[in-house]
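The values are calculated or read from the model by the stated rules, or taken from the named source; none is laboratory data. In this text, all values refer to a predicted model and were calculated from it rather than measured experimentally. Virtual Cβ from ideal backbone geometry, glycine too; neighbours counted across all protein chains shown. Protein only, heavy atoms only, side chains kept; ligands, DNA and RNA dropped before computing areas. Shrake-Rupley method; radii C 1.70, N 1.55, O 1.52, S 1.80 Å.
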Amino acid sequence: MWKIGLVGCGNVGLGLLRILEAKRGDLENRYGFTYAVTGVVDPFRGSVGDERGLDVAALLAAADGGKSFRGLGDPIDLDWLLEGRANVIAEATPTNLVDAMPGLDHIRRALAAGCHVVSTNKGPVSLALPELQALARERGVQYRIEGVLLSGTPAINLAGEALAGCDILSVQGIVNGTTNFILTRMEEGADYGAALAEAQALGYAETDPTADVEGWDAAVKAQVMANVFLGQSLAVDDVERLGISHLTGADIDAARAKGCRLKLIAEVERSGEGVRATVAPRELPLSHPLAGVSGAINALTFRTDHLGDVTIVGPGAGRVETGQALLVDLLALNR
Ligand code: HSE
């Protein structure tokens, strides 16, 4: 029985709870996956726990009604969960790219306590991935991060498992849903501010959307691509980065006049002894495979030795879509 402690219950945390609740029977029948959500820690909705498992439907009803979780369990904190009341922590607090807190502290403490961690939080990945991977190894647990790239669309697990044995030479793609959504809406005639507001309302954007539009989110994803796909640790400042906030309708029209579309492209490739990582808007001819990837959809093309190019296309952001990434990591632990 998986005893799940959820830390951070915003868009993604609720997405996970919704899937767990809707699929409880199915998860048990198809995968032998049984679970109790023993606690939820969230500074805004309240932190509650029950060793026998919280009533997830009641948590979702409270969230839908804009109510606090107070009264749906005993008051708890992360320490309560780490004293043997959780064997996996799902960490989904907002990404903070400055110092990665509080997510980094949560993940360090959970791994040190011998809990597996599944997380969508990009701050700790950006600032401390090698440290956290080493800590997980030392404690004999796993730190799984499928959701930091392409939300629930398989990317990290795809490369690690389905492409095992191939050398990955470079990876190029669209890795930020918000900016791709904004560029698509601008092509349709919307203005930048309205398109950004729409992306926020749909739950695609970061809590601080500057991270999306200035290319920081994509730069962190390029870091992850370099680390996980090419085995090269980079700092976020090693990624050459340009976002989309300077682009105007005139830039979109100029690209269109050339038979092109503007896309924010992240790329990592081997270069000499190291890896070069870039994020920048590029004008792609309409015939380019990434030119037709619209809205919050993301795509990655892996250039490999045995298979040539392998491209994966799918959602890159969203509540349930990112909740699915946490679920797939939970099911991997279960296997
Ligand atoms: N803000 C991110 C995006 C969320 O728009 O892609 C998914 O990482």
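On the stretch given as the stretch 175-194, residues that are within 8 Å of the ligand (Cβ to nearest atom) and either more than 16 Å from the chain's Cα centre (by Cα) or among the aliphatic types (A, V, I, L, M) (or both) total 2.
Screening Arg303, Arg319 for residues that are of a type in the set (D, E, K, R) and touching a Gly at 6+ places or on another chain (Cβ under 6 Å) leaves exactly one candidate, Arg319. Within the stretch 248-264, the set of residues being over 29 Å from the mean Cα position of the chain (by Cα), open to solvent by 70 Å² or more (accessible area, probe 1.4 Å) and touching a residue at least 12 places away in the same chain (Cβ under 8 Å) comprises Arg256, Lys258. Contact map, the stretch 148-168: first residue touching a residue at least 60 places away in the same chain (Cβ under 8 Å), second residue aromatic (Phe, Trp, Tyr), Cβ cut-off under 6 Å, separation 6 or more or different chains; pairs are Ala159/Phe229; Ile168/Phe229; Ile168/Phe302. Considered as a group, the residues in the stretch 141-157 that are assigned to a helix (DSSP H, G or I) and within 11 Å of the chain's Cα centre (by Cα) include one that is surrounded by the fewest Cβ atoms within 10 Å (Cβ to Cβ), and that residue is Ile156.
Looking at the stretch 158-214, which of its residues are surrounded by 24 or more Cβ atoms within 10 Å (Cβ to Cβ) and in a loop (DSSP other than H, G, I, E, B)? Across the stretch 158-214, the qualifying residues are Val175, Asn176, Tyr204, Ala205.
Residue-level check: of (1) free of Cβ contacts under 8 Å to residues at least 40 places away in the same chain; (2) of a type in the set (A, V, I, L, M); (3) out of contact with any Phe, Trp or Tyr (no Cβ under 8 Å at 6 or more places or on another chain); (4) within 14 Å of the ligand (Cβ to nearest atom), Ile145 misses just (1).
Of all residues in the stretch 287-313, those that are closer than 15 Å to Asn157 by Cα and either open to solvent by 10 Å² or more (accessible area, probe 1.4 Å) or more than 13 Å from the ligand (Cβ to nearest atom) (or both) total 6. Residues of the stretch 215-241 being more than 16 Å from the chain's Cα centre (by Cα) and either at positive phi or assigned to a loop (DSSP other than H, G, I, E, B) (or both), which ones? Within the stretch 215-241, Gly231, Gln232, Ser233, Leu234, Ala235, Val239 qualify. What are the residues in the stretch 209-247 that are among the charged types (D, E, K, R) and in contact (Cβ under 8 Å) with a residue 24 or more places away in the chain, if any? Residues satisfying the conditions are Asp212, Glu214, Asp217, Lys221, Asp238, Glu240, Arg241. Of the listed requirements (1) out of contact with any His (no Cβ under 6 Å at 6 or more places or on another chain); (2) modelled with pLDDT of 95 or more; (3) surrounded by 16 or more Cβ atoms within 10 Å (Cβ to Cβ), Ala134 misses just one: (3). Screening Val228, Val220 for residues that are within 16 Å of the ligand (Cβ to nearest atom) and buried (at least 24 other Cβ atoms within 10 Å of the Cβ) leaves exactly one candidate, Val220. Can we say Asp253 is of a type in the set (D, E, K, R), more than 30 Å from Asp305 (Cβ to Cβ), part of a helix (DSSP H, G or I) and more than 15 Å from the ligand (Cβ to nearest atom)? In short, yes.
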